[in-house]
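> My questions all concern the structure below.
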Amino acid sequence: MKEVLRDRRAMGLMGPMGPIGLIGLIGLMGLCGCSEGYEQERGQHVVLEAQLCTSAYDEVLSADDARTMSPNSSVTRAWQPPTGYASYYEAYVGKFAEQANLFHKSIGVYLTQDTQTPQEGTFFYNGNVTTDSKWRFESDLELKTDTYYLYGYIPKEVAESSSIVANSSFENGAVLSIYGLKTVTHSDVSVVVGAKNGTADSDGGVTTGTFAVDANATSKDISSGNHIYLLFDHLYSALRFRFRVAETYAALRTIKLTKLELTANESLGSTRIKAKYNATIRLAANTTGASPIQSIVFTPDNSSADQAYEPIYSGSEVELPSAEGKYTSFMGCFVPGQNTSFYLRSTYNVYDLKGNLVREGCEAVNTIDLRSLFKITATQLQRGHMYSVTLTVNPTYLYVLSEPDLDNPTVKIN
């Protein structure tokens, strides 16, 4: 019987999109006297839906920065994320509304059981960027109605490949290796630190340190329990760039940002910084709610090229604000450790107050030296910390109409 099923599946007759599909399967089982128990053992194509929550960045301010942080926007809903977490969308839209490239990511996951060979799959983004979004798991994997242990990372696009090995069993944790991660990126590279199945309105009690999800292979209805809640924690450190225009200059010109690029400072040390790293994350499952991350080790990918500028933002013009206390923010992320100095290249257009384009494609390069700005050493840089830098567009002229940089203003770090 198993040989018959295998042959038919090889011919494309058993897939969910094949000519026979589920109806043909039921008919074949009836003809051959197969039991319902065998179908459960063999597995079904199961649709899983995920709700993402991420831990908050611990924002680090410079010694002379006494400002008050603006809150994130929120979405009205019955379900609320666990304490210390925000939905993936809410975590970024409040601070980085202009940076759409933070969204529409996919999640690389492993569905594991004890010491069996892991099944690798992907959750794809399925939602509206202006709402609290969800992700759908659709692949050729066949799951049984059973308990699986889910490990993974986001975004899958930033990695070249990954692998996983169990501790004594996947129930007790795993070692997740992610290869070819960019040294500097706009993406918030994060790892799953908790997973639990529930419904659209109930997370089933998801906590940090648990990875068990119960798949229901007898139903394609998400409300039956195939709604997976995922908790993420950051692997990288982050830089938050807060842009504004000096009020005196805004009385004469309008600045619209078109591109931001970031690179690690290659002048530091005798070894040039590589464009990519590999990460090894050791996870230990627990029921205490403590972080399951035992260690994270980053190693340079010496086969990669030297570090180059990485786009943080590129797209439509973003008009920079000038009112007191108003900023437009962008985020870049980097491998924590020895990377403490960066170059930020800003490209912008200059308009007069009538909307006429005065200068196009102006560039400014700023050195972001975290050691001097925040009075810290390389060993004090930590993953999950966000270092906020304020930049103001302001010419160096003394007499407004007599200096050439009126139409090509400098960008200063405050």
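The values are calculated or read from the model by the stated rules, or taken from the named source; none is laboratory data. The model shown is predicted, which means the values in this text are computed figures rather than measured ones. Quick reminder, even Gly has a Cβ in these numbers, built from the backbone with ideal geometry, and neighbours come from all protein chains shown. Note: accessible area is taken over every heavy atom of the protein model, side chains too, but ligands, DNA and RNA are not part of it. Shrake-Rupley method; radii C 1.70, N 1.55, O 1.52, S 1.80 Å.
> Quick one: how many residues across region 278-303 are surrounded by fewer than 16 Cβ atoms within 10 Å (Cβ to Cβ) and within 11 Å of T183 (Cβ to Cβ)?
Residues that pass the stated criteria total 0.
> Can you run down the residue pairs with Cβ atoms below 6 Å, 6 or more apart or on separate chains, where the first is in region 286-311 and farther than 17 Å from A159 by Cα and the partner is outside any loop (DSSP other than H, G, I, E, B) and among the basic types (K, R)?
Listed pairs, sorted by first residue: Q294/R282; S295/R282.
Table: residues versus (1) among the hydroxyl-bearing types (S, T, Y); (2) at positive phi; (3) open to solvent by 40 Å² or more (accessible area, probe 1.4 Å).
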| position | (1), (2), (3) |
| --- | --- |
| K105 | no, no, no |
| Y110 | yes, no, no |
| F137 | no, no, no |
| L150 | no, no, no |
| A166 | no, no, no |
| S169 | yes, no, no |
| K182 | no, no, yes |
| N197 | no, no, no |
| S202 | yes, no, yes |
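> Can you name the residue in region 258-277 that is at pLDDT 95 or above and surrounded by fewer than 19 Cβ atoms within 10 Å (Cβ to Cβ) and is also farthest from L239 (Cα to Cα) among such residues?
Only one residue fits best here, namely T258.
> So, one more: Is it true that D306 is at pLDDT below 90 and more than 20 Å from the chain's Cα centre (by Cα)? Please lay out each step first, then the result.
Values: at pLDDT below 90: yes; more than 20 Å from the chain's Cα centre (by Cα): yes.
Yes; evaluated as a whole, the condition is true for this residue.
> Among the residues in region 244-257, are any modelled with pLDDT of 95 or more, under 22 Å from the mean Cα position of the chain (by Cα) and either of a type outside the set (D, E, K, R) or open to solvent by less than 20 Å² (accessible area, probe 1.4 Å) (or both)?
No, region 244-257 has no match at all.
> For region 304-381, list the strands (runs of 3 or more DSSP E) that sit wholly inside it and hold at least 1 residues that are surrounded by fewer than 16 Cβ atoms within 10 Å (Cβ to Cβ); which are they?
In region 304-381, the matching strands (runs of 3 or more DSSP E) lie at 310-319, 341-352, 357-369.
> Quick one: in region 402-414, of everything that is in contact with a Leu (Cβ under 9 Å, 6 or more places away or on another chain) and open to solvent by 80 Å² or more (accessible area, probe 1.4 Å), which residue is modelled with the highest pLDDT? Spell out the reasoning first.
Taking region 402-414 as the starting set, the residues that turn out to be in contact with a Leu (Cβ under 9 Å, 6 or more places away or on another chain) are 406, 411-414.
Imposing the further condition that a residue be open to solvent by 80 Å² or more (accessible area, probe 1.4 Å) reduces the set to 412, 414.
Working: K412: 82, N414: 77.
Looking at residues that are in contact with a Leu (Cβ under 9 Å, 6 or more places away or on another chain) and open to solvent by 80 Å² or more (accessible area, probe 1.4 Å), I get K412.
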